[in-house]
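What follows is a set of notes on a single structure, which appears directly below.
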Amino acid sequence: MEIGAQFYTLREQCKTLEDFAESLKRVADIGYRTVQISGVCAYEPRWLRDRLAETGLRCVITHTNQDRIADETRQVIADHDVFGCRYIGVGMMPGGLRNPGDYDDFVRRFVPAGREIAKAGKLLMYHNHNFEFMKAPDGKLYLEKLAEDFAPEELGFTLDTYWVQHGGGDPSAWLDRLAGRVPCVHLKDMACADFTQRMAPVGEGNLNWDRILSHAESAGARYLLVEQDDCGGEDPFDCLRRSYEFLTARGLS
């Protein structure tokens, strides 16, 4: 398994191409060699390819605009070919299950996209939050339904450790349940402060990382991507560094 940095952590530092390029350099200087590109300013695929080559980084997964994935699937595939990225990610279900029909609309729109992406040798990836642990009208959890309504070649899962825990699930147990379909995992810790849950650098909260990392490996995870949506006012680069040091101390690289 390889550890990487999820650039959504650095979205405020990547609002221009100049700042995005500098952030890539700073992440490489920490020691990361793989990244996920998400939440940054607009960029051309060739621009990203060249910046990755300059820094020695590899983009292994993105979060890409959902409408583009569904409506411009072939172009999205071609864009990812330019910078050598296999995994095309959906960061969140459109609507967030707040509206009747959100789930059915997602399946209707994205099964065809998932099939087209699979034909190109890539994989559509779904990133969970906590709301996928709500029960659907048929009594199943929405995350269960996604795994059933998409074939493994049509949809993989970027399982997010924090949001699984936040939704009342056990990250290790869900890695087991989705084994073979979790090539990418988001690592962020959960700490308790002032009677509320907050995100924390990996190793600075309460999640059982020895167990999670063991189950991620047995589930076939390839990339462990550090993501901290909210750094609580701390420098996000420093948060990424502390997570990196925690993980490399456990033999990961």
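Taking amide H positions as placed in the peptide plane 1.01 Å from N, state which residues far from Tyr126 in sequence (5 or more) or on other chains have amide H under 5 Å from it.
So Tyr126 has HN proximity to Val90, Gly156, Phe157, Thr158.
Give me Met134, Met92, Met199 sorted ascending by neighbouring Cβ count inside 10 Å, so fewest comes first.
Met134, Met92, Met199
Kindly put Ser243, Ser38, Ser23 in sequence by how many other C-beta atoms sit within 10 Å of each C-beta, fewest to most.
Taking fewest neighbouring Cβ atoms as first place, the list is Ser38, Ser23, Ser243.
Sorting Ser172, Ser218 on the 10 Å Cβ count, fewest up front, what's the list?
So the residues, fewest neighbours to most, are Ser218, Ser172.
Applying the Karplus parametrisation 6.51 cos²θ - 1.76 cosθ + 1.60 with θ = phi - 60° to the phi angles of region 21-26, what ³J(HN,Hα) value in whole Hz is obtained for each residue in order, glycine and proline being reported as x?
4, 5, 5, 4, 4, 5
Output ³J(HN,Hα) for region 110-122: one whole-Hz value per residue in order, computed from phi by the Karplus curve 6.51 cos²θ - 1.76 cosθ + 1.60 with θ = phi - 60°, and x for Gly and Pro.
Whole-Hz 3J(HN,Hα) from phi for region 110-122: 9, 4, x, 5, x, 5, 5, 5, 5, 4, 8, x, 10.
Could you list which residues have their amide H under 5 Å from that of Gln197, counting only those 5 or more apart in sequence or on another chain, with H placed in the peptide plane?
Placed amide hydrogens put nothing under 5 Å from Gln197.
Starting from the Cα of Arg109, move 7 Å in the Cα-to-Cβ direction to define the label point; list residues of region 57-76 whose amide nitrogen is under 20 Å from there.
62-76
If each residue of separation counts as 0.36 nm, what is the full-extension length gain between Asn130 and Thr196 once their alpha-carbon separation is subtracted?
Extra length from Asn130 to Thr196 when fully extended: 22.2 nm.
Hey, could you get me the Stokes-Einstein D for region 44-112, Kirkwood radius over alpha-carbon pairs, 20 °C and 1.002 mPa s, rounded to whole µm² s⁻¹?
Value of D from the Cα-based Kirkwood radius: 161 µm²/s.
Kindly identify region 97-221 as rounded, prolate or oblate by the Cα gyration tensor criterion: order the square roots of the eigenvalues as a ≥ b ≥ c, call it rounded if a/c is under 1.5, otherwise compare a/b with b/c, prolate if a/b is larger, else oblate.
Taking the square roots of the gyration eigenvalues as a ≥ b ≥ c, region 97-221 is oblate.
Can you list the residues, at least 5 places off or on another chain, whose amide H is less than 5 Å from the amide H of Glu2, using H built in the peptide plane?
Tyr223, Leu224
Explain nothing, just compute: Karplus ³J(HN,Hα) = 6.51 cos²θ - 1.76 cosθ + 1.60, θ = phi - 60°, for every residue of region 181-198 in order, whole Hz, x for Gly and Pro.
Residue by residue, region 181-198 yields 10, 10, x, 10, 10, 8, 9, 8, 8, 10, 10, 10, 8, 6, 6, 10, 7, 9 Hz.
If one computes the Cα centroid of region 159-205 and of region 1-54, what distance in Å separates the two points?
Cα centroid to Cα centroid, the span is 23 Å.
FYI, it's all coordinate maths here, none of it is from the lab. Quick caveat: nothing in here was measured; it's all calculated off a predicted structure. As a convention, Cβ positions derive from the backbone with ideal geometry for all residues, glycine included, and neighbour counts pool all protein chains shown.
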